[in-house]
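What follows is one structure encoded as structure tokens, with my remarks underneath.
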Amino acid sequence: MNSPGTPTQDLVRLTAAQLAQVMIAKDVSAVEVVQAHLGRIDGVDEALHAFLARNDEGALATAREVDAARARGEELSPLAGVPIAVKDVACTAGLVTTAGSRILQGWIPPYDATVVRRLREARMPILGKTNMDEFAMGSSTEHSAYGPTRNPWDTSRIPGGSGGGSAAALAGFEAPLAIGSDTGGSIRQPAAVTGTVGTKPTYGGVSRYGIIALASSLDQIGPCARTVLDTALLHEVIGGYDALDSTCLDAPVPPVVAAARQADVRGMRVGILRELAGEGYQPGVQQRFDEAVTLLQAAGAQIVDVSCPHVSYAVAAYYLILPSEASSNLARYDAMRYGLRVRPAGVAAPSAEQVMAATRDAGFGDEVKRRVILGTYALSSGYYDAYYGQALKVRTLIAQDFAAAFEQVDVLISPTSPITAFGIGEKIDDPLAMYLLDLATIPANLAGIPGLSVPIGLAPEDGLPVGLQILAPAMADERLYTVGAAIERDLQHVWGGSLLDRIPDVSMPAAFLPDLRTTSKESA
């Protein structure tokens with residue numbers, strides 16, 4: 001079924017929108033599209049380790065259903081047959097879900113997360129589950145219990161986190177689309193350092209039902225892709241009200257696809273957030289950001305200097321709120337109901353508390369333990385008001401700052417990450433340095449507003465991708481796509497094509513991926 005202009009080996013380089021078009025035209029089949037991507041995973045994932053588990057037969061079965069339905073003339077969703085990778089934080093019925101943790105090794109959920117159900121209803125073949133920092137705690141994917149993911153631009157460097165697996169799968173052309181989750185930047189920061197696009201929707205804009213919780217008031221599921229339009233197309237599939245999630249907004253999905261296609265910033269007021277500008281950024285990051293601002297001006301946008309004074313306290317407030325909620329959410333992993341169970345050594349008849357302690361010690365990694373301890377302390381009697389309570393007050397002030405800022409401008413922009421991708425192992429022993437890398441992305445989660453990261457070029461000093469972050473008022477997600485698409489369009493003229501065309505070849509022999517679909521067993 002291949003047309004002369006679309007050989008199978010080139011299918012992995014097409015965007016999701018292009019793949020949909022060639023399948024609708026019947027130039028290629030959905031099965032051929034899935035086979036091409038599975039072959040790509042075979043070729044490069046030993047180098048990247050983007051996937052924790054694969055779903056080859058399930059993906060091919062969905063693709064065959066799409067081809068049969070298309071042959072019958074059935075009306076299908078716009079992304080039917082387009083394959084997708086899913087971050088291992090989303091429950092998938094019949095497919096292992098670990099959240100990157102040993103404590104859930106081999107766990108197979110009995111149900112789908114709402115976002116996964118919507119992918120299945122759209123008949124999008126799920127290629128597998130992507131690697132992540134354990135329980136989404138990290139900015140580098142080095143805290144996965146199953147080993148780090150590597151950046152396709154330079155496999156000695158991190159792909160960001162916690163959703164580095166999804167971002168690397170996109171940049172490595174293993175999948176055209178991916179699902180991520182963003183608690184403090186875990187979609188946007190990986191997008192920035194891999195040269196891809198990622199959106200954190202408005203809090204409540206996409207259902208969190210079936211998503212393994214880190215911090216419930218901060219977590220947000222969102223779309224990841226290689227272009228702004230593809231990200232918008234996926235946003236439209238997964239967004240919308242869900243009665244199973246009490247925090248989900250009962251409102252229509254914003255017109256994100258139309259905004260991405262329009263890409264007209266003439267007359268828009270674009271604010272540069274003063275607290276996220278100036279010193280502290282890698283020179284190449286700042287240079288590319290300044291160039292992007294110039295392009296926006298040339299496209300007709302009005303650039304405005306804006307201040308949100310309490311944003312300076314966002315990192316401190318976040319790293320009290322998140323650990324506190326995490327310590328509560330992770331209390332469910334008690335070795336009693338599901339997941340790992342470890343019997344303490346040398347104890348003939350251990351109590352439930354002893355089994356729980358031994359299991360959590362063996363099943364949780366260092367970063368998870370660190371945050372659980374911090375959160376438990378912040379919530380303890382005598383410290384709740386001094387720490388957690390004060391952090392909540394700062395959160396309110398940050399939300400008020402953003403509300404005031406959006407009375408002056410339509411969107412706010414900043415660099416997504418202060419630096420490009422750093423070397424694997426370079427910062428893992430310095431948690432504070434790692435936390436500070438989230439300074440630009442955290443404020444959006446505290447305020448519940450949407451944010452998008454779009455690539456804006458390569459830093460001249462190291463040749464690695466740089467991302468620009470766009471923030472908009474709650475439920476005005478379409479503004480992200482208007483500005484992001486305009487930047488993408490104008491920068492492609494500057495680059496002479498897609499930034500991703502410059503990724504070095506990471507081809508490797510066929511990979512071995514561990515089969516994690518076995519059920520969890522009690523450890524002696």
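What is the dipole size for the chain, taken about its Cα centre, with +1 at each Lys and Arg Cβ and -1 at each Asp and Glu Cβ, in debye to the nearest 20? Please list the in-between numbers first.
On the way: 41 positive and 57 negative charges, 159 e Å.
Charge dipole, the chain, about its Cα centre: 760 debye, nearest 20.
Orientation-averaged projection of the stretch 384-431 equals 5.7 nm² [convex hull of Cα atoms, one quarter of hull surface area]. Between the listed residues V228, A85, G497, the Cα displaced farthest toward the positive end of the dipole of the chain, a dipole computed from Cβ unit charges relative to the Cα centre, is found at A85. Ordering of 171-184, 285-298 by packing is 171-184, 285-298, highest average first (other Cβ atoms within 10 Å, averaged per residue). Database remark: amide H of C308 closer than 5 angstrom to the amide H of R274, E275 (H placed geometrically; neighbours at sequence offset of 5 or more, or on other chains; Pro and chain starts carry no H).
Where Lys and Arg each count +1 and Asp and Glu each count -1, what net charge lies around A93 among other residues with Cβ under 12 Å from its Cβ? Provide the component values of the computation, followed by the final result.
Values: positive: R117, R120; negative: D112.
Here the count lands on +1.
In order along the stretch 386-396, phi translates into HN-Hα couplings of 6, 10, 4, x, 5, 4, 5, 5, 5, 4, 4 Hz, rounded to whole numbers, per the Karplus curve 6.51 cos²θ - 1.76 cosθ + 1.60 with θ = phi - 60° and x for Gly and Pro. For the stretch 119-240, the square roots a ≥ b ≥ c of the C-alpha gyration tensor eigenvalues yield an a/c of 1.5 or more together with a/b not exceeding b/c, which makes the shape oblate.
Average 1/r across all pairs of distinct alpha carbons in the stretch 227-329, invert it, and you get the Kirkwood radius: 17.5 Å. In order along the stretch 63-71, the Karplus-derived 3J(HN,Hα) couplings, from 6.51 cos²θ - 1.76 cosθ + 1.60 at θ = phi - 60°, round to 4, 5, 4, 5, 4, 5, 5, 5, 5 Hz, and Gly and Pro are given as x.
Would you work out if the stretch 1-126 is rounded, prolate or oblate? Take a ≥ b ≥ c from the square roots of the eigenvalues of the alpha-carbon gyration tensor; rounded if a/c is under 1.5, else prolate when a/b is larger than b/c, oblate otherwise. Don't skip to the end; give the middle numbers.
Numbers: a/c = 2.62, a/b = 1.49, b/c = 1.76.
Oblate, because a/c is 1.5 or more while a/b does not exceed b/c.
Applying the Karplus relation 6.51 cos²θ - 1.76 cosθ + 1.60 with θ = phi - 60° to the stretch 411-424 yields 3J(HN,Hα) values of 9, 10, 10, 6, x, 6, 10, x, 9, 7, 4, 9, x, 4 Hz, where x marks Gly and Pro.
With Cβ to Cβ distances under 12 Å as the rule, what net charge do the other residues near P443 carry (K, R +1; D, E -1)?
Numbers: positive: R188, K200, R395; negative: E275, D401, D438.
Value of the local net charge: 0.
Using 0.36 nm times the number of residues separating T396 and R489, minus their current alpha carbon distance, what extension gain do you get? Display every interim value, and only then the final one.
Details: separation 93, 0.36 × 93 = 33.48 nm, distance 3.62 nm.
Here the segment from T396 to R489 would lengthen by 29.9 nm.
With the cut-off at 1.5 for a/c, could you classify the stretch 269-333 from its C-alpha gyration tensor as rounded, prolate or oblate? Because a/c hits 1.5 or more and a/b exceeds b/c, the stretch 269-333 counts as prolate. Each DSSP beta bridge with both residues in the chain is either parallel or antiparallel, and the antiparallel ones are about 65%.
Every number in this text was worked out from the coordinates using simple rules, so none of it is lab data. All figures in this text were calculated on a predicted structure; none of them were measured in a lab. All Cβ positions, even for glycine, are placed from backbone atoms using ideal geometry, and neighbour counts span all protein chains on display.
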